[in-house]
Amino acid sequence: MAQDERRGQVLFQYLKRTIKDFSRYVVVEVGAGTGYLSLNLAKHGAKKVVATDHDSAILKNLRQSVHINKVQKNMRVYKWDWNLGMPSVLTDLLSSHGPKKKKRTRKGYFECARLIQQLLHKHSEWGKEPSILGIACDTLYSKTTASLLPRALLEFLNIYPHARIMVFYKIRDEGEIETCFRENCRKLKEILLTDLKPPEECTQCKATPISRMRLTMATKRSRPDFDAKL
């Protein structure tokens, strides 16, 4: 089993322990890889799960896994190349009617997000408004990803400013990659990183030595109701 999937297992166990009920969560996984996290969140009742990656082969495998695991009802797979920006289809991820083709403009992004928020408040069948949870698990493995990931996170937070994004990663290269990631987040000014205690589940897996694992919550700095707790 790949090391990244083992780290995905650890993060999933942590989320299952701390959240317990996924039914109010819309989850977007950034750099899904094998899709272990997304598939398990979908199977455990998340309202909607979106797995993203940039690699065509990975995306093909993810789509096959969706059918094999019979989670087509609440899980989708989309391509997200961090070099090209967030796909416009993600602005419709809360829509009960699926994604619609729209002209890809910054104004269109925010207008769509505003309409989604109105829709959620109007329709009582949702109960409470779903929480949007982003996940980036083991995506910091080079200085290139440490430069691109902050921009991807901010792009998502600009559309969904009340979202929380869990960034779970292992310290590599004596911490140089982590330093690069945090410095790039700082330069963007609008991302607030809140360090959380590494999951206790790390001690159960050799791939996640707790002294070298980091769990960070990324949110929009201007968010008025910030709460680091899930």
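Quote the FRET efficiency, to the nearest 0.05, computed for Asp81 versus Thr203 with a Förster distance R0 of 30 Å and r equal to the Cβ-Cβ distance.
According to the calculation, E is roughly 0.25.
Beyond a 22 Å Cα-Cα separation, which of these cross-linked pairs lie in this structure: Lys79/Lys206; Lys43/Lys170; Lys170/Lys197; Lys143/Lys187; Lys16/Lys43; Lys16/Lys70?
Those over the limit are Lys79/Lys206; Lys43/Lys170.
Quote the relative contact order of the range 156-225 in percent (integer), defining contacts as alpha-carbon pairs under 8 Å separated by 6+ residues.
Worked out over the range 156-225, it gives 47 percent.
Collect residues whose amide H, placed 1.01 Å from N in the peptide plane, falls under 5 Å from the amide H of Leu196; neighbours closer than 5 in sequence don't count.
Under 5 Å from the amide H of Leu196 lie the amide H atoms of Leu215, Thr216, Met217, each far enough along the sequence or on another chain.
So who's got an amide H within less than 5 Å of the one on Ile135, skipping anything under 5 residues away but keeping other chains? H placed 1.01 Å off N, in plane.
Residues meeting the amide H criterion: Val28, Glu29, Val30, Met166.
Which of the peptides 6-16, 180-190 is most tightly packed, and how do the rest follow, going by the mean number of other Cβ atoms within 10 Å of each residue?
Ranking the peptides 6-16, 180-190 by packing returns 6-16, 180-190.
Can you list the HN-Hα couplings for the range 43-52, worked out from phi with the Karplus curve (6.51, -1.76, 1.60; θ = phi - 60°), rounded to whole Hz and with x for Gly and Pro?
Result, ordered by residue: 5, 9, x, 4, 4, 8, 10, 10, 9, 10 Hz.
Once amide H atoms are built 1.01 Å from N in the peptide plane, which residues 5 or more positions from Arg24, or in another chain, come under 5 Å H to H?
Those qualifying (amide H under 5 Å, at least 5 residues apart or on another chain) are Lys47.
Under the Karplus relation 6.51 cos²θ - 1.76 cosθ + 1.60, θ = phi - 60°, what is the ordered set of whole-Hz ³J(HN,Hα) values for the range 66-75, x standing for Gly and Pro?
Couplings: 4, 6, 4, 8, 6, 10, 4, 5, 10, 9 Hz.
State the volume of the convex hull built on the alpha-carbon positions of the range 130-215, expressed per residue in Å³ and rounded to an integer.
Residue-normalised Cα hull volume stands at 93 Å³.
Once you have the Cα-Cα distance between Lys143 and Lys189, take 0.36 nm times their residue separation minus that, and quote the gain in nm to one decimal.
14.6 nm
Computing the accessible area with a 1.4 Å probe over protein heavy atoms, can you report the carbon and sulfur percentage for the range 1-84?
For the range 1-84, the apolar C and S fraction of the accessible surface comes to 49 percent.
Put a dot 7 Å past each Cα toward the Cβ at Arg172 and Lys73; how far apart are the dots in nm?
Here the answer is 3.8 nm between the modelled labels.
The values are calculated or read from the model by the stated rules, or taken from the named source; none is laboratory data. Keep in mind it's a predicted model, so treat the numbers as computed, not measured. When we count neighbours, we look across all protein chains shown, and the Cβ atoms used for this are built from the backbone with ideal geometry, even at glycine. In case anyone asks, the SASA skips ligands and DNA or RNA and just uses the protein heavy atoms, side chains included. Shrake-Rupley method; radii C 1.70, N 1.55, O 1.52, S 1.80 Å.
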